[in-house]
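What follows is a short report on a single structure.
Coordinate-derived values only; no laboratory data. Note that the structure is predicted; figures quoted are calculated from it, not measured. Heads up, the Cβs are rebuilt from the backbone with ideal geometry, glycines too, and the neighbour counts pull from every protein chain shown.
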Amino acid sequence: MSKRAQQLKAFERLLDIMDDLREKCPWDKKQTFQSLKHLTIEEVYELNDAISENNDTEIKKELGDILLHIVFYAKIGSETNVFDIEDVCNTICEKLISRHPHIYGDVVATDEKTVKENWEKLKLKEGNNSVLSGVPNSLPAVVKAFRIQDKVKGVGFDWDNKADVWAKVEEELAEFKAEVEQNNLEKQEQEFGDVLFALINYARFCNINPEEALNKTNQKFINRFTKMEELIKQDSKTIGNLPLKELDVYWNEVKKTENN
C-alpha cells in the first residue's frame, strides 16, 4: 500500500469514528457549532504552545485534536445538509488553486512579496469588500494589529523604510506623554493604543513577531518571579511582607544566576 493510500485510510478511519461518536456518545451527540467553538480556540492555543516548545510529539497530538474538530464541524453540517467534509475539502482546494495562478495558471511570481500582493488582489476580485475583511474581529489585539498591517502591506499601503516607522513611534510616544501630563484618561488610552500600534509596525519591519516576543518576555518574567519566590521561601520569609527594596535584591540575585 502506498503512503498516500495509508494516509487516506487513516482519514477514513477518523471519519468512521466520528460517525460512531455522533451516533452513540451522549456528549458528542449534544455538541453544536456554538458549544465546540471555545474548545476549538483552546486547541489552537495548545498547538501554539507545543510549537513554541519545539515539542514534536505534542505538535502531532494537538494537530490531531484540531483535525478532530474540523471533522466534527463537518459532521454536524452534514446532518442538516448544509455541507460535509467533501465540501470542506473541495472548497479549500478551489480557493488554493484560484489564489495560486503562478502555479495553476499563467501568472509569473518568483518571490514571496509578489505572491502575497497577488493574493490580496485576488481576494478583492472574489468579492471581498475590503482588504481587511479577512481579519477576524475576535483575534487578540496584538495579533490583530500585526495582521492588519500585513494585509494593507499586500496592496502597497506601507512605510518606505524602517527609519520612518521609528519616527512614527517617537511621535506617538510624545503624544502619549503629552496626554499623560494633561491627565485626560480617555485621550491617554487612545494615544497609548497608537503607541502600541506603531511599535507593532516597527517590529514587523524588524521581522519580529510581536506576539511571540511578548509571550517570551511574559515567560521570562514568570520564570524569574517563580525563582524569586523560591529564594524567599528558602530564607523562611513571606513575599507579601517584604519591602520593595528587599524584593529587588532577590530579583537581581535571580538575574545574576541567569547570567552565570
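What the table shows:
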item: Check on GLN7, farther than 27 Å from LYS123 by Cα, of a type in the set (S, T, N, Q) and either surrounded by 13 or more Cβ atoms within 10 Å (Cβ to Cβ) or within 21 Å of the chain's Cα centre (by Cα) (or both); result: no
item: Test: residue in region 201-209 that is farther than 30 Å from LYS121 by Cα, among the hydrophobic types (A, V, I, L, M, F, W, C) and either in a helix (DSSP H, G or I) or more than 29 Å from the chain's Cα centre (by Cα) (or both); result: no
item: Subset of region 24-41 that is charged (D, E, K, R) and surrounded by 10 or more Cβ atoms within 10 Å (Cβ to Cβ) - its residue that is nearest to HIS69 (Cα to Cα); result: LYS37
item: Answer residue from region 179-191, given it is free of Cβ contacts under 8 Å to residues at least 12 places away in the same chain and surrounded by 11 or more Cβ atoms within 10 Å (Cβ to Cβ) and is farthest from TYR202 (Cα to Cα) among those; result: ASN184
item: Scope region 42-91; condition hydroxyl-bearing (Ser, Thr, Tyr) and under 24 Å from PRO140 (Cα atoms); matching residues; result: TYR45, SER52, TYR73
item: Residues within region 197-248 that are surrounded by fewer than 13 Cβ atoms within 10 Å (Cβ to Cβ) and either over 30 Å from ASN54 (Cβ atoms) or in contact with a Phe, Trp or Tyr (Cβ under 6 Å, 6 or more places away or on another chain) (or both), tallied; result: 11
